[in-house]
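Report on the structure given below.
Derivation of every value follows stated rules applied to the coordinates shown; laboratory data play no part. Worth saying up front: this structure is predicted, and the values here are computed from it rather than measured. As a convention, Cβ positions derive from the backbone with ideal geometry for all residues, glycine included, and neighbour counts pool all protein chains shown.
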Amino acid sequence: MDFVSHGLWGSLAFGRRNRSSFGLAFAIGMAPDLFSFGILYVAATFGLSPKPDFSRGTPLESTIPQYVHHLYHYTHSFIIFLTVFLLIWLFLKRPVWELGAWGLHVLADVPLHSYAFFPTPVLWPLSDWKFNGWQWMTPGILITNFALLTLLYVWYIRKVFLARKKEEAQPEAISRAT
């Protein structure tokens, strides 16, 4: 799945408490890709790494620098996510639910990545098992993802708008009653 969609799914699932929660969940939902491929693109921009060539489709994984593979294992492991989530919970003495956007990112990538390009190492470092899923960029998956995000965000924005409208109407009703 594209990294912006990961952010949108993460914020919708784990960031609806308030604006800062929404923004945090959005950023955390994108973080696994940004801390692997984002670093590659920054390094390529400064001439420190070769830039992958996506012009003819998915490039060979062997053309991606090894450090990206290492980072990808850390950022796309549900085991690493759970460990970090629990450590932060222990440290803060409360769960940071927005971190769930990271877990959702990993779980969404399991069926949406194939052996052809960066299958998700969901159980790493305990296991090298990976699922041979479908490519997220195929039209059927991409269009379905965008359609579902659009429908859910229309529902969510409408819900927030109606709740605000109701809050604004309540003081008026109270002042008219007195």
Subject >> Overall form of the stretch 29-133 per C-alpha gyration tensor (a/c, 1.5; a/b vs b/c) >> reply: prolate
Original post:
With θ set to phi - 60° and the Karplus curve 6.51 cos²θ - 1.76 cosθ + 1.60, what are the ³J(HN,Hα) couplings of the stretch 125-141 in order, to the nearest whole Hz, using x for Gly and Pro?
Top reply: x, 6, 8, 9, 4, 9, 9, 8, x, 10, 6, 5, 8, 5, x, x, 6
Subject >> Equivalent ellipsoid dimensions for the chain as semi-axes, Å, which come from the Cα gyration tensor, largest first >> reply: 37, 20, 15
**OP:** Evaluate the relative contact order of the chain (contact order divided by residue number), counting alpha-carbon pairs under 8 angstrom at least 6 apart; express in whole percent.
**Re:** 23
**OP:** Using the Karplus curve 6.51 cos²θ - 1.76 cosθ + 1.60 with θ = phi - 60°, work out ³J(HN,Hα) for each residue of the stretch 65-79 in order, rounded to whole Hz, and write x for Gly and Pro.
**Re:** x, 4, 4, 5, 4, 5, 4, 4, 4, 5, 7, 10, 9, 5, 5
**OP:** On a C-alpha basis, how far is the centre of the stretch 1-80 from the centre of the stretch 112-138 in Å? Whole number, if you could?
**Re:** 14
Original post:
Exposure proxy check: LYS93, LYS130, LYS165, LYS51 ranked by fewest other beta carbons within 10 Å?
Top reply: LYS93, LYS165, LYS51, LYS130
Original post:
Got the relative contact order for the stretch 80-178 handy, in percent, Cα pairs under 8 Å and 6 or more residues apart?
Top reply: 15
Subject >> Neighbour-count order for MET137, MET30, MET1, fewest beta carbons within 10 angstrom listed first >> reply: MET137, MET1, MET30
Subject >> Spatially proximal lysines relative to LYS165 (Cα-Cα < 24 Å; intrachain offsets below 8 disregarded) >> reply: none
Subject >> Label point 7 Å beyond Cα of THR58 along Cβ direction - residues of the stretch 69-84 with amide nitrogen under 18 Å >> reply: 69-70, 72-73, 76-77
**OP:** Add +1 for every Lys or Arg and -1 for every Asp or Glu among the other residues with Cβ under 10 Å from the Cβ of MET1, and state the total.
**Re:** -3
Original post:
What chymotrypsin sites (Phe, Trp or Tyr not before Pro) does the stretch 16-119 have in DSSP loop regions with at most 11 other beta carbons within 10 Å?
Top reply: PHE46, PHE54, TYR115
